[in-house]
Amino acid sequence: AQSVAQPEDQVNVAEGNPLTVKCTYSVSGNPYLFWYVQYPNRGLQFLLKYITGDNLVKGSYGFEAEFNKSQTSFHLKKPSALVSDSALYFCAVKQGSARQLTFGSGTQLTVLP
Amino acid sequence: DGGITQSPKYLFRKEGQNVTLSCEQNLNHDAMYWYRQDPGQGLRLIYYSQIVNDFQKGDIAEGYSVSREKKESFPLTVTSAQKNPTAFYLCASSAGLAGGETQYFGPGTRLLVL
């Protein structure tokens, strides 16, 4: 079985400060990991994914995520937050043989001016 | 302009009524998906299709039906058997089901019950 957890429902950060949105996962075997962002009343936008290789993955809009196999984590990071980064962020996981993607419950990021 | 379109943006359902949500993609993707989003619960998979004329139930298929007669289209019908249909419905597509294929999402349809 595969599962993913986003332990924080809400994250607040000041504009210009670094931000981190946490994600941990559980799979059998090697995982495929994804981050998506959702603005109000909109669909999900793909940010980045980890398949294999370099543990640091760079994505859209200056976001990056670090795959940590020993801690089964895939935290989303950005060095300097913008007010426009305020949105709902979803982590998702898929184990190699699975057909389905499993989503976390989401983390609401608010960047304060 | 490639992408996924969903219509309508808002849909109202009366008691006992079946309603159909449209999803079209021009990405030439084989796989398509329907998700339901409720506040604080993330996305839950309703149905998915790997290829034309084939589809599989997801985690919450009861009260829903789908068809896949064309590669580009994957409509979802919310039947009267679905007792709590109020939610935001998202359609997605990917090149395939296997491995780390990225799913791309449409803008969503919000279904409300009158």
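The values are calculated or read from the model by the stated rules, or taken from the named source; none is laboratory data. This one's a predicted model, so the numbers in the text were calculated from it and none came from an experiment. When we count neighbours, we look across all protein chains shown, and the Cβ atoms used for this are built from the backbone with ideal geometry, even at glycine. Protein only, heavy atoms only, side chains kept; ligands, DNA and RNA dropped before computing areas. Shrake-Rupley method; radii C 1.70, N 1.55, O 1.52, S 1.80 Å.
Quick look at the numbers
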quantity	calculated
Top-ranked residue of the range A:1-15 - restricted to ones that are more than 9 Å from chain B (Cβ to nearest Cβ) and touching a Lys or Arg at 6+ places or on another chain (Cβ under 8 Å), ranked as surrounded by the fewest Cβ atoms within 10 Å (Cβ to Cβ)	A:7
Total residues in the range B:95-114, condition hydroxyl-bearing (Ser, Thr, Tyr) and at the interface with chain A (Cβ under 9 Å from one of its Cβ atoms)	2
Filter result (within 30 Å of residue A:112 (Cβ to Cβ) and open to solvent by 10 Å² or more (accessible area, probe 1.4 Å)) within the range A:16-39	A:16, A:17, A:18, A:20, A:22, A:24, A:25, A:38, A:39
Contacts under 8 angstrom Cβ, first residue in the range A:57-82 being free of Cβ contacts under 8 Å to residues at least 24 places away in the same chain, partner β-branched (Val, Ile, Thr) and open to solvent by less than 80 Å² (accessible area, probe 1.4 Å), 6 or more apart	A:64/A:57; A:66/A:57
Subset of the range A:67-84 [surrounded by fewer than 20 Cβ atoms within 10 Å (Cβ to Cβ) and over 28 Å from residue A:29 (Cα atoms)]	A:79, A:80, A:82, A:83, A:84
Residues of the range B:60-113 classified as of a type in the set (A, V, I, L, M, F, W, C) and not in a strand (DSSP E or B), total	7
Residue within the range B:14-23 that is within 25 Å of residue A:106 (Cα to Cα) and either touching a His at 6+ places or on another chain (Cβ under 6 Å) or surrounded by fewer than 18 Cβ atoms within 10 Å (Cβ to Cβ) (or both) present	no
Residue tally, condition open to solvent by 10 Å² or more (accessible area, probe 1.4 Å) and part of a strand (DSSP E or B), over the range A:45-62	7
